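Working notes for the structure below.
No value in this document is a laboratory result; all are computed from the given coordinates. Everything numeric here is computed off the predicted structure, so don't read it as measured data. Ideal geometry is used to build each Cβ from the backbone, glycine not excepted, and the neighbour counts take in all protein chains shown.
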Amino acid sequence: MTSERDPVRFDEARPLALNVAHEVAAAGVDVLVVRDIFGRLSLLLDDRHGAVDTSSTDEWRAQLARTLGRYAADRPLLLASSLFQPDAYFASPRAADELGHVAEPGQGSIRRLDNTVVGADWARVSTPRADSAGVRTARTALYGFKGGVGRSTATFMLAKHLAEQGKCVLVIDLDLESPGAGPLLVAEEQMPQYGIIDQLVESALGNEEGLDLVTQATHFQLMNNGELWVAPARGQGAPGTEYSYVDKLNRVYADIPGHGQGGFADRLEAAVHACEDAVARQSRRPDVVLLDSRAGIHDIAAVAISRLCDLALLFGTDSRQTWAGYRDLFTAWLSSGQAPEIREKLRMVASMVPDSDAPAYLEAFREHAWDCFSTLYDNLVDGETGFNPGPEDDAAPHSPIPILFTVELVGLDAASTPDWDKREFVRAAYQSFLRTTTHLMIEGSR
C-alpha cells in the first residue's frame with residue numbers, strides 16, 4: 001500500500017495519470033496519455049477545436065506533478081496548440097484507445113502512446129503483405145516463451161513433412177543467439193557462405209546485395225516435387241577470412257539513423273523477403289516459410305509473431321513459468337489494443353507431453369491455457385457476441401496441439417543421423433502435431 005511518503009513506482013504511475021485523464025475527458029477534452037522511455041508520464045490535451053479553461057489546466061498540471069513524483073514528465077501537461085507538430089502525437093499510428101473508456105456524449109476521448117527502447121514491435125500487429133504479383137507465401141512462426149521445449153526439433157519435423165507433401169519449404173533460423181533449426185537441417189560443410197546475421201549487418205549499410213543466404217537441406221531426398229531450403233543464422237564466411245559471428249551479433253539490433261535502411265524490424269522483414277527471393281531465383285517461390293524464432297520476450301520474437309507471420313505456434317510445457325510468461329505477453333497485447341488482431345494468429349503447442357499420462361496432462365494443460373488465453377478473449381455479458389471460445393473448443397487458439405515425449409528422443413542427432421525422423425516412435429510422437437499444423441498452414445482453417 002502506498003502512503004504519501006512512499007515513492008511512486010512504475011506500476012502505480014500510469015493509473016494515477018489516468019485518474020487525471022478521466023477528469024480531463026469528463027470536461028469534454030480529448031486527451032493523449034504519453035509515457036516516455038523512462039516511464040515518465042504527461043498528458044497532451046487537444047485544444048485545437050476549442051479552448052480549455054486555464055484554471056482547470058493549472059489544477060490538472062499541479063495534480064500530475066504532486067501525485068506522480070519521479071514519474072511526472074518535466075512538463076506533465078501540454079496543450080496541442082503549444083506543440084510544433086501536434087499530429088506527430090495525436091495522429092501517431094502507435095497511439096491506441098484506452099481500454100475500458102467509452103466516451104459519453106459531451107465527453108472527450110482517452111488515448112495512449114508508449115515510447116520504449118525495445119519491444120515496441122509487440123504492439124504493432126499486422127499481416128504480411130502480398131508481393132507485387134499478388135502472391136503471399138504462408139509464413140508460420142514457431143516460438144516458445146521458454147527455451148528447451150523442442151521448438152527447433154519440431155521445426156525440423158514440420159519442414160520435412162511439408163516437403164514430403166510436395167511443398168517448397170523454406171526454414172529461416174531467427175534464433176541468432178542460439179542457432180537451432182539451421183544446424184539441425186544442414187551439415188556444417190554445406191552451409192551457405194552467409195547467414196541471416198550477415199544480411200542484417202550488411203543491410204544496415206545498404207551493402208546486402210549479392211549475399212549467398214540459402215541452401216538445400218542435408219539428407220532430404222526429393223519426392224512429390226517437394227523441396228526443403230534453409231536460411232541458417234550463420235554462414236561459412238568468405239574463404240581465408242575469419243567469420244566474426246559475435247562481433248556481428250553485438251551490432252545486429254542497432255537502429256542506425258541516416259542510412260535510410262529502416263530500423264531493425266524493417267531489416268528483419270527485408271531479410272525474410274531476401275531469402276524467399278533467393279529460393280525463387282534458384283528454383284521456385286516457397287509455398288511455406290517456417291520462422292524458427294528465438295525464445296523469450298525479445299525483439300526478434302516480437303517482429304516474427306506480430307509482423308512477419310500469419311500463424312504463430314506457441315510452444316510450452318504445463319508449468320508456472322510458461323503461463324506466467326504468456327500471461328505477461330498477452331496482457332501487453334491487450335493493453336496496447338492488439339488483442340483482436342493477434343489472438344486468431346495464435347495456436348498453443350503442448351510440447352514434451354509425457355507419453356505415459358498424456359490424457360490427464362493435456363486436460364490440465366488445456367485448462368491452464370484457456371485461463372491464460374482468456375486475457376485475449378472478449379469479456380462478454382448476456383446477449384453480446386464476440387470472440388470467446390469455450391475451454392473445450394478444439395479449434396480455439398488455446399486448444400493444445402500435442403507433441404509426445406519419450407526418453408528414446410533424448411540424444412538423437414537429426415543432422416548426423418539420416419532418416420532419424422522416420423523411426424516409428426518419432427513419427428508417433430509428432431503425428432498429431434504434423435497433421436494439425438499442416439491443416440492450419442495449408443488450409444488456413446482453425
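List of remarks:
- For the chain, the membrane-span-like helix rule (DSSP H, alpha carbon extent of at least 15 Å along the helix axis, mean Kyte-Doolittle at least 1.6) picks out no helix; this says nothing about an actual membrane.
- Ranking Ala25, Trp229, Ala159 by Cα position along the charge dipole of the chain, where only Lys, Arg, Asp and Glu carry charges on their C-beta atoms, puts Trp229 farthest toward the positive end.
- When only the Cβ of Lys, Arg, Asp and Glu is charged (+1, +1, -1, -1), the dipole of the chain relative to its Cα centre reaches about 300 debye.
- Extension gain, Arg9 back to Glu384 (0.36 nm per residue minus Cα-Cα distance, nm): 131.3 nm
- Charge dipole (Cα centre; +1 on Lys/Arg Cβ, -1 on Asp/Glu Cβ; no other charges) of region 292-369 amounts to roughly 240 debye.
- Among Thr155, Thr385, Thr127: highest mean-square fluctuation, GNM of the chain, C-alpha pairs under 10 Å: Thr385
- Length-normalised contact order for the chain - Cα pairs under 8 Å, 6+ apart - percent: 16 percent
- For region 258-344, the relative contact order comes to 16 percent (Cα pairs under 8 Å, sequence separation of at least 6).
- Free of any GluC sites (Glu not before Pro) that DSSP assigns to a loop and that have at most 16 other C-beta atoms within 10 Å, the longest stretch within the chain is 5-176.
- Region 147-188, relative contact order in percent, only Cα pairs under 8 angstrom and at least six apart counted: 39 percent
- Asp355 paired with Lys422, simple spin-label distance in nm, labels 7 Å along Cα-to-beta-carbon: 2.0 nm
- Total formal charge among the other residues, if their Cβ is under 13 angstrom from that of Ala358, Lys/Arg +1 and Asp/Glu -1: -3
- About its Cα centre, the dipole of region 146-243 is roughly 540 debye, where the only charges are +1 on Lys and Arg Cβ and -1 on Asp and Glu Cβ.
- Rounded to 5, percent antiparallel among DSSP beta bridges of the chain: 20 percent
- Rounded, prolate or oblate (a/c below 1.5 giving rounded, otherwise prolate when a/b exceeds b/c) for the chain by Cα gyration tensor: prolate
- Local electrostatic count at Ser42 - Lys and Arg +1, Asp and Glu -1, tallied over other residues with Cβ under 14 Å: +4
- Partner lysines whose Cα lies under 17 Å from the Cα of Lys160, excluding those fewer than 8 positions away in the same chain, are identified as Lys422.
- Remark: the Cα gyration tensor places region 301-446 in the prolate category, a/c being 1.5 or greater and a/b exceeding b/c.
- Overall form of region 1-50 per C-alpha gyration tensor (a/c, 1.5; a/b vs b/c): oblate
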